[in-house]
Amino acid sequence: MNPVEQREALSAALSRIGQGEAAALKELYEKTSAKLFGICLRILGESSEAEDVLQEVYVTVWRNAGTFERTRASPITWLSTIARNRAIDHLRMRHPERVAPIEAGLAVCDAAPSAQLRLEAAESSAQLQACLAELDAPLQNAIRAAFLDGHTYDVIAQRAGVPLGTMKSWVRRSLIKLRACLDR
């Protein structure tokens, strides 16, 4: 039997089941039970549970075969979906502790900073840059070299060609000016 003929035979069986024909359910079971059992077994991992769920699947088919629409899905797709959903429902009932309520998702932490924190950081950075711009160029360079580049006062003093004590005073006075500017 080619795939088109198989599809038509399964569709016809579902139609007859929808009309209450028990022989059609037996025919459908013989043609599809191996595949549907495989789906249940793959999801549940236990043969006895898969058999129980497979029985539920065919009870569902018996009750709902009249709702099957050939134009929306193939019969095997419809049956496979029922088997998959029943197996997943059974798995959830077996392990209710694994299924968390949707509200639990709110407690999941995101390592990335929130949008508000990023905006605050950007504002602080912009304010710091504006305050640095108010300092004279040698003082700006000293602050950037000390606190952004990580250089020692000695290295900064040598580069600027000033005594170490002078560099320390420049940095200290510049920090006081920056703090006053940032507090405005």
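Observations on the structure shown:
- Subset tally (residues that are of a type in the set (D, E, K, R), out of contact with any Leu (no Cβ under 9 Å at 6 or more places or on another chain) and over 19 Å from P163 (Cβ atoms)) for the stretch 130-151: 1
- Cβ-Cβ contacts under 6 Å between residues 6 or more apart (or on different chains), taken from a first residue in the stretch 122-134 that is closer than 11 Å to L182 by Cα to a second residue that is part of a helix (DSSP H, G or I), are listed as C131/L178; C131/C181; C131/L182; L132/Q140.
- A126 vs. criteria more than 30 Å from L10 (Cβ to Cβ) and modelled with pLDDT under 90: yes
- The condition of being among the aliphatic types (A, V, I, L, M) and either closer than 21 Å to H90 by Cα or touching a residue at least 12 places away in the same chain (Cβ under 8 Å) (or both) does not hold for V4.
- Annotation: of all residues in the stretch 18-76 being touching a residue at least 12 places away in the same chain (Cβ under 8 Å) and part of a loop (DSSP other than H, G, I, E, B), the one that is surrounded by the most Cβ atoms within 10 Å (Cβ to Cβ) is F68.
- Filtering the stretch 149-167 to residues that are over 16 Å from A137 (Cα atoms) and either hydroxyl-bearing (S, T, Y) or assigned to a helix (DSSP H, G or I) (or both) leaves T152, Y153, D154, V155, Q158, L164, G165.
- Selection within the stretch 77-98 - among the β-branched types (V, I, T) and either touching a residue at least 12 places away in the same chain (Cβ under 8 Å) or at positive phi (or both): I82, I88
- Pick from the stretch 75-122, criterion small (G, A, S) and modelled with pLDDT of 90 or more, ranking: farthest from T32 (Cα to Cα): A87
The values are calculated or read from the model by the stated rules, or taken from the named source; none is laboratory data. Only a predicted model underlies this, so the values are computations on that prediction, with no experimental measurement involved. Heads up, the Cβs are rebuilt from the backbone with ideal geometry, glycines too, and the neighbour counts pull from every protein chain shown.
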